[in-house]
Amino acid sequence: MEKFSLSSLLSQETEFIPLVTNEAENEINEQEIPTEIPILPLRNTVLFPGVVSPITAGRDKSIRLIEDVQATPDKLVGVVAQRDVDTENPGFGDMYEVGTLAKIVRSFKMPDGNTTIIIQGKRRFRITEIIASEPYHKAKIELIPEEKPVEDDTVFTGQIDSIKELANRIIEESPQIPTEAQGALKNITSDTFLLHFIASNMSMEVEGKQNLLETNSLRQRAKIVLEQLTRELQILEVKNEIQTKVRSEFDQQQREYFLQQQMRTIQEELGGNSIEAEIEEMRNRASEKQWDAKTGEHFEKELTKLQRLNPQVPEYSIQRNYLELLLDLPWNEFSKDNFDLKRARKILDRDHYGLDEVKERIIEYLAVLKLKNDMKSPILCLYGPPGVGKTSLGKSVAEALGREYIRISLGGLRDEAEIRGHRKTYIGAMPGRIIQSLKKAGTSNPVFVLDEIDKLTYGGQGDPSSAMLEVLDPEQNSAFYDNFVELGYDLSKVLFIATANNLGSIQPALRDRMEIIDITGYTQEEKVEIGKQHLWPKLLREHGLKKTQAVVGKRELSTVIESYTRESGVRGLEKQLARLIRHAAKSIAMEEEYSPKVTKETIREILKAPRFTHDRYQGNDVAGVVTGLAWTPVGGDILFIESSLHRGNGKTTITGNLGDVMKESATIALAYLKSHSEEFGIPFEAFKYWDINIHVPEGAVPKDGPSAGITILTALASLFTQRRVKARLAMTGEITLRGKVLPVGGIKEKILAAKRAEIKEIILCEQNRKDIEEINADYIKGMTFHYVDTMSQVVELSLTNQKPKHNIQLVPEEKKTAKTAQ
């Protein structure tokens, strides 16, 4: 009961707003009722007998009905409430059976095209028979008699008096209702109309008002109205009490908090607390989770804790976020693996050329999983130089398995909380990236790529590499503990794939938990196939070109690889090929003439002069020069160990920007040569009269590693024996003071570099024989390998009896004469 003037009511946008009238309920003669009554369905409202109300009609059917009714003498229409307010074109099944027979008092045409009518309720009726639904609803009705109390019914009289009193008190307590409303109530003399007028203005739902309309007994109707008014008065008093308390007890800084508290109190009194509804929704979601009993008990305990917290304190949002995370995590929810091994092999071969060892390992994992259907996922670590496809391999594995794909980059990560999460006692706390990623994936068995695991760093916030130990330990990760979750989470079904460029920087304990798969890089032949089958088609799509608009052959790809890239992977190759395609795209866009076929001439024109002329054998025309093999982060390479003698007193100089390991190798080689000088036919006095200079060209490039021991010793032996090294021979290996040859790593890269440099013979340690056997025979066709155990075997295999063009005299003649005289 808040608006009481017709002008204010007509200005409202709602379909129905009750209107005060001083007229008592009008009786109507049953004989005056037509056989067929038009039925007008209303939304959000129930019309009571005697009440005058404005109604806005916007439906075509309703407007047509109003026009036809106004043309009749009695202007009677049946008003019935809709069951569902969202129904746009209600049928008889969408309306209540009991309504109010009303008379159209007046009608207005509104500017928006709608029609507003003033109607007055007359009698209650019930629909007995449906007549028509077009052009609007018509039905036969029967009037419902009122069960009025006897004249001296003291109970009913007391109810009416109480209703009047409560209504006056509500008017007094509510600042929104004008005081003139009390005068309007006093002018109502009919108890029945008073009851209906107050009922139409109460804040009841349509269903409640409809139930009131269908109640035949006026005494029962008065009881329902009295109960509702009592409830509204109590709510109003509580509201006013809270407002008074807030104004009197608290200052401006606490105003916002207690206004929210006031709202919460009002919602609780009305029985519609949104916070409680949210908590109930969480409880319902929890009932659908597949977690164990311990987790369920923990969740219920934390939910109860949330109910006790004040929504305005910071801990409330932390607790709520925590519960939301528990509900969002995929507890024991797994995607179904695809065990079609042939399909998996096709996907791996489609996306990556070569990498046979990795593919075979994935197929083995799938095979075991298919047979056993339950296997702890291995922790694979793909180790190799940049650009060889380690990261993209994880996406192909996920597609082959039919699992979700997750990737996180660990490069530069120095905070342990990034792995284990923060304790939820802190504001802004969040789970670690492992748990966050699983929440995003939606399953507990994704393919999880841990990129750049070798670049984890130690910082002031703990050691993240140590935190990874539990994640990557198959014996522990079945109950991975995140500080934020505070519960063990099963990671044993996750297929972790780590990538690394350098195993030396990985913590030994962490490296021990992973299965290392070495991806050593691609040969030139493999790069050509990758460029032809993968990179070139991919770049054509990315640049919007058709296959016929840019064509490249294998020879041209080989030219780009040899002259414009120096890498183990194919990233640099992709960049150079993109330059070729961009040139074609520019010519097409500018409508210039160009040749779609890429030739060596166009390569030089677009990419300019060759950047690299490496891996070319230079020959050994002088003694003391030996070809060695080296490993670099971008693949294998050859290098030349040069040595020379000049008169002096036995001083040794090492140049070429060498590291400590190579300097030590040079020292050991010279020491071994001195101790076995007679075996090699070298006068011991020669070491006294000559200074030695050992040099590795390209001094601007730092060089280090244990692979040059036998190369340096061979260079010194060639120098002092004045015997040249065999043509097109290279070697790699480390030595000891006893002359033993030790195995070294990076054999595949070194051998492929030797192949590119047209080296024909390679000297290796006997223990490196297994590394050669793992290389594809096609890649080393035409090469001869010599496997040795001692340094004497190396010298015997590498040195010829050919003397250099400019032979030197190791012991000067005057020194020999002096010695003979003595």
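The values are calculated or read from the model by the stated rules, or taken from the named source; none is laboratory data. For clarity, every value in this text was computed on a predicted model and none was experimentally measured. Note that each Cβ is placed from the backbone with ideal geometry, even for glycine, and that neighbours are counted across all protein chains shown.
Worth a mention:
- Hey, residue 479 free of Cβ contacts under 8 Å to residues at least 12 places away in the same chain and in the same structural domain as residue 390 (by TED's automatic domain parsing) or not: yes
- Of all the listed residues (534, 646), the sole one being not polar (S, T, N, Q) and not assigned by TED's automatic domain parsing to the domain that holds residue 716 is 534.
- Enumeration of residues in the range 399-425 that are in a loop (DSSP other than H, G, I, E, B) and of a type outside the set (A, V, I, L, M): 402, 403, 404, 411, 412, 414, 416, 421, 422, 423, 424, 425
- Residue 355 being buried (at least 19 other Cβ atoms within 10 Å of the Cβ) and closer than 20 Å to residue 441 by Cβ: no
So that you can scan it fast, the table gives a plain yes or no per residue for (1) farther than 24 Å from residue 154 by Cβ; (2) assigned by TED's automatic domain parsing to the domain that holds residue 98; (3) small (Gly, Ala, Ser); (4) touching a residue at least 60 places away in the same chain (Cβ under 8 Å):
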{"site": "169", "(1), (2), (3), (4)": "no, no, no, yes"}
{"site": "184", "(1), (2), (3), (4)": "yes, no, yes, yes"}
{"site": "191", "(1), (2), (3), (4)": "no, no, no, no"}
{"site": "194", "(1), (2), (3), (4)": "no, no, no, no"}
{"site": "198", "(1), (2), (3), (4)": "no, no, no, yes"}
{"site": "203", "(1), (2), (3), (4)": "yes, no, yes, no"}
{"site": "219", "(1), (2), (3), (4)": "no, no, no, yes"}
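- Residue in the range 177-188 that is within 16 Å of residue 232 (Cα to Cα) and either touching a Gly at 6+ places or on another chain (Cβ under 6 Å) or polar (S, T, N, Q) (or both) present: no
- Scanning the range 440-454 for residues that are assigned to a loop (DSSP other than H, G, I, E, B), within 20 Å of residue 500 (Cα to Cα) and at pLDDT below 85 turns up nothing.
- Criterion violated by residue 473 - all others in (1) under 16 Å from the mean Cα position of the chain (by Cα); (2) under 24 Å from residue 503 (Cα atoms); (3) not aliphatic (A, V, I, L, M); (4) not in a helix (DSSP H, G or I) satisfied: (1)
- Tally of residues being free of Cβ contacts under 8 Å to residues at least 24 places away in the same chain and surrounded by fewer than 16 Cβ atoms within 10 Å (Cβ to Cβ) across the range 427-459: 1
- Residue ranges of helices (runs of 4 or more DSSP H) in the range 111-213 with at least 3 members surrounded by fewer than 19 Cβ atoms within 10 Å (Cβ to Cβ) and modelled with pLDDT of 80 or more: 154-173
- For the range 644-667, the condition of being surrounded by fewer than 18 Cβ atoms within 10 Å (Cβ to Cβ) and in contact with a Leu (Cβ under 8 Å, 6 or more places away or on another chain) holds for at least one residue.
- Restricting attention to the range 455-470, the residues that are of a type in the set (D, E, K, R) and part of a helix (DSSP H, G or I) total 2.
- Scanning the range 283-301 for residues that are assigned to a helix (DSSP H, G or I) and surrounded by fewer than 17 Cβ atoms within 10 Å (Cβ to Cβ) yields 283, 284, 285, 287, 293, 294, 296, 297, 298, 300, 301.
- Residue count for the range 57-90 satisfying the condition of being closer than 25 Å to residue 198 by Cβ, of a type outside the set (A, V, I, L, M), under 51 Å from the mean Cα position of the chain (by Cα) and buried (at least 17 other Cβ atoms within 10 Å of the Cβ): 1.
- Sole residue being among the charged types (D, E, K, R), modelled with pLDDT under 85 and not assigned by TED's automatic domain parsing to the domain that holds residue 388, chosen from 698, 734, 664, 679: 698
- Given (1) in contact with a His (Cβ under 6 Å, 6 or more places away or on another chain); (2) β-branched (Val, Ile, Thr); (3) modelled with pLDDT under 85, number of the condition residue 606 does not satisfy: (3)
- Residue check, residue 365 farther than 23 Å from residue 571 by Cβ, in contact (Cβ under 8 Å) with a residue 60 or more places away in the chain and aromatic (Phe, Trp, Tyr): yes
- Among the residues of the range 583-605, those identified as surrounded by 15 or more Cβ atoms within 10 Å (Cβ to Cβ) and either touching a residue at least 40 places away in the same chain (Cβ under 8 Å) or under 30 Å from residue 386 (Cβ atoms) (or both) are 583, 584, 585, 588, 596, 598, 602, 603.
- All helices (runs of 4 or more DSSP H) inside the range 654-756 with 1 or more residues being within 18 Å of residue 790 (Cβ to Cβ) and under 54 Å from the mean Cα position of the chain (by Cα): 660-675, 709-721
- Restricting the range 306-323 to residues that are surrounded by 14 or more Cβ atoms within 10 Å (Cβ to Cβ) and of a type in the set (D, E, K, R), the residue that is modelled with the highest pLDDT: 320
- Pick from the range 672-694, criterion among the aliphatic types (A, V, I, L, M) and without any contact (Cβ under 8 Å) to a residue 60 or more places away in the chain, ranking: nearest to residue 735 (Cα to Cα): 673
- Restricting the range 509-530 to residues that are of a type outside the set (A, V, I, L, M) and either at pLDDT 90 or above or in a strand (DSSP E or B) (or both), the residue that is surrounded by the fewest Cβ atoms within 10 Å (Cβ to Cβ) is 515.
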